[in-house]
Amino acid sequence: MADRHHRTPHRDGKLYLCAIKDVYSNRIVGYSLDARMKASLAVSALHNAIAIRSPVSTIVHSDRGSQFRSRKFVHALSHNGLRGSMGRVGACGDNAAMESFFALLQRNVLDRQRWSTRAQLRLAIVTWIEKTYHRKRRQRRLGRLTPIEFETINSVAHAA
């Protein structure tokens with residue numbers, strides 16, 4: 001699943017985050033941050049996800065944002081053997097897993113303080129995703145495991 005979000009730091013202006021979530025493990029497998037909301041932001045997040053997963057025939061679901069409808073993003077999907085899927089107009093439940101992630105990010109990082117620079121905000125977001133969300137935040141749907149623990153246990157089980 002893919003979605004984007006923005007937060008305005010104190011002086012530097014907006015910082016946009018595009019994230020791609022593996023709905024099996026709830027891990028954010030690809031993300032990209034930039035000062036501008038362009039198709040390249042979504043394409044960069046997709047390439048980061050592909051580098052971790054290299055999935056063929058995977059469905060990438062997103063909302064109907066222009067970044068996900070762009071020629072660049074659609075080409076990146078087809079070039080990598082992925083299939084795009086978009087939520088229906090006005091159906092917020094279609095992308096609920098990503099909205100939940102962004103609500104957690106908002107509550108645990110973005111609402112806690114203001115940053116003077118984009119670089120500080122970028123570091124706070126990346127640190128929260130990599131250290132807290134992936135490695136410390138236990139999730140009920142994963143049997144009270146973190147996304148990394150869940151993937152590790154399941155990769156060992158599949159290898160056996």
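The values are calculated or read from the model by the stated rules, or taken from the named source; none is laboratory data. Computed from a predicted model, the values in this text were never measured in an experiment. Note that each Cβ is placed from the backbone with ideal geometry, even for glycine, and that neighbours are counted across all protein chains shown.
For R122, the test of being over 15 Å from the mean Cα position of the chain (by Cα) and basic (K, R) is failed.
From S116, S57, S66, which residue is surrounded by fewer than 16 Cβ atoms within 10 Å (Cβ to Cβ) and within 20 Å of D22 (Cβ to Cβ)? First the steps, then the outcome.
Values: S116 fails: within 20 Å of D22 (Cβ to Cβ); S66 fails: within 20 Å of D22 (Cβ to Cβ).
Of S116, S57, S66, the one residue that is surrounded by fewer than 16 Cβ atoms within 10 Å (Cβ to Cβ) and within 20 Å of D22 (Cβ to Cβ) is S57.
For (1) more than 16 Å from S32 (Cβ to Cβ); (2) buried (at least 16 other Cβ atoms within 10 Å of the Cβ), each residue gets a yes or a no:
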site: H79; (1), (2): yes, no
site: G84; (1), (2): yes, yes
site: M98; (1), (2): no, yes
site: L104; (1), (2): yes, no
site: R112; (1), (2): yes, no
site: W128; (1), (2): no, yes
site: K136; (1), (2): yes, no
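Do we have any residue at all in the range 80-94 that's basic (K, R), assigned to a helix (DSSP H, G or I) and either closer than 18 Å to I20 by Cα or modelled with pLDDT of 90 or more (or both)? So far as the range 80-94 goes, no, none of its residues is basic (K, R), assigned to a helix (DSSP H, G or I) and either closer than 18 Å to I20 by Cα or modelled with pLDDT of 90 or more (or both).
Of all residues in the range 34-54, those being buried (at least 18 other Cβ atoms within 10 Å of the Cβ) and touching a residue at least 60 places away in the same chain (Cβ under 8 Å) number 0. Only one of the numbered conditions (1) more than 16 Å from G30 (Cβ to Cβ); (2) in contact with a helix residue (DSSP H, G or I) (Cβ under 9 Å, 6 or more places away or on another chain) is violated by V156, and that is (2).
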